[in-house]
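Data block below; observations after.
The values are calculated or read from the model by the stated rules, or taken from the named source; none is laboratory data. Note that the structure is predicted; figures quoted are calculated from it, not measured. Cβ: placed from backbone, ideal geometry, glycine included. Neighbour counts: every protein chain shown. Areas reflect the complete protein model, heavy atoms only, side chains present, ligands, DNA and RNA absent. Shrake-Rupley method; radii C 1.70, N 1.55, O 1.52, S 1.80 Å.
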Amino acid sequence: MSIVDKLADIFAGRSYELHGVYHLIIQPKSVLRKWRTSHHGFLFVIRGQAKMKVNGTHYALHPGTVLHASPGLELNAQLLGESELEYFSLFYTLDHPEMLKSIGEASEHFLLEPGPSPSVPELLTMLHRNIRMSETSIAKLRAKELFLSLMHQTLANCQYRASGSSPDKKTIEQALAYINEYYMNPLTLDELASLYAMPPQRFSYYFRKYTGWGPIDYVIHYRMERAKELLKNGTFLVRDVAASVGYANPLYFSRVFKKKFSVSPSEYIRQLEP
């Protein structure tokens, strides 16, 4: 089992606690003083380059690299080039830290190469903002949701880069299942593509190849079919049906529904009346 698979297994099935997310920008040619880790942590490089030494092992850091280190390790870094170094550091504790030893000899420190992804800085920014306000149980739950989304995106990108192969039909079936479950959310092509570590154009091409639909066309199709079922089987107001399938604006929902079925939601309800 690869490091990526083992990490996915650990975060999918084990308890952990987030301790903090920090956003730092370091000026060019800086040399960071030595420091020692107190928790497990990830360092996500957003821009710039640096040479990091972890207990004597050197790592080249650049955008799209993620360094992991365990507690008690000595780190120091030197910036390379003329650009600032921007990175996020994320610290956590596992309830069963010995699980990381299943990774093997590299369990204390290792480098992941997911590559640059526009969704990762966005997730890190939201997590950084959210974790500082996580005083309520709901806020803490949101922070964990963002963390899991971040880890899924990072590990999926690693897996995709390692395979270098085209997505198979099973991957697109997973995407279909995701849309069918979360169709009421504000899904975008970029978001769907990032879930499967693909550029939007590539994801769209394979989605259409295996389903005959464009990704967003399918989202609209599925929403309208669900809306039709709700109108047929319930006594819901049109605005409530619209909200249930992901449309905050009932008028826009009505236009999309009419384009799909050549009849407005209100007219469809009237046609159902005995």
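Structure notes:
- Stretched out straight at 0.36 nm per residue, the stretch from LEU73 to MET133 would grow longer than its current Cα-Cα span by 18.7 nm.
- Shape call, the stretch 1-152: gyration tensor on alpha carbons, a/c limit 1.5: oblate
- Amide hydrogen proximity for HIS19: with H placed 1.01 Å from N in the peptide plane, the residues at 5 or more positions away or on another chain lying under 5 Å are PHE91, TYR92, THR93.
- Overall form of the stretch 143-253 per C-alpha gyration tensor (a/c, 1.5; a/b vs b/c): prolate
- Note that the chain presents 55 Å² accessible area per residue, ligands and nucleic acids not counted, probe 1.4 Å.
- For mean projected area of the Cα convex hull in nm², calculated from these coordinates, the label among (1) 16.9; (2) 15.2; (3) 17.9: (3)
- Neighbours of GLU225 by Cβ distance under 12 Å: Lys/Arg scored +1, Asp/Glu scored -1, total +4.
- Rounded to the nearest 20 debye, the dipole magnitude of the chain is 540 debye, with +1 charges on Lys and Arg beta carbons, -1 on Asp and Glu beta carbons, and the Cα centre as origin.
- Accessible surface of the chain, 1.4 Å probe, proportion on carbon and sulfur as whole %: 52
- Cβ-derived FRET efficiency at R0 51 Å, ARG255 paired with ARG14, nearest 0.05: 0.60
- Within straight-line cross-link reach of LYS209, aspartates and glutamates at Cα separation under 17 Å, skipping those fewer than 8 residues along the same chain: ASP168, GLU173, ASP217
- Of HIS19, VAL45, SER2, farthest towards positive along the dipole that unit charges on Lys, Arg, Asp, Glu beta carbons give the stretch 1-58: VAL45
- The stretch 2-20 and the stretch 190-234: distance between their alpha carbon centers, rounded to Å: 29
- Scoring 38-44, 2-8, 70-76 by mean Cβ neighbours within 10 Å over their residues and listing the highest first yields 38-44, 2-8, 70-76.
- Its DSSP H runs of at least 4 residues, each contributing -39,500 (n - 2.57), put the calculated 222 nm mean residue ellipticity of the chain at -15000 deg cm²/dmol, to the nearest 500.
- Highest average packing first - 252-263, 24-35, 229-240, Cβ atoms within 10 Å: 252-263, 229-240, 24-35
- Cα long-axis angle, helix 200-211 against the chain (0 to 90 degrees, to the nearest 10): 50
- For the listed peptides 115-126, 189-200, a ranking on the average number of other beta carbons within 10 Å per residue, highest first, reads 189-200, 115-126.
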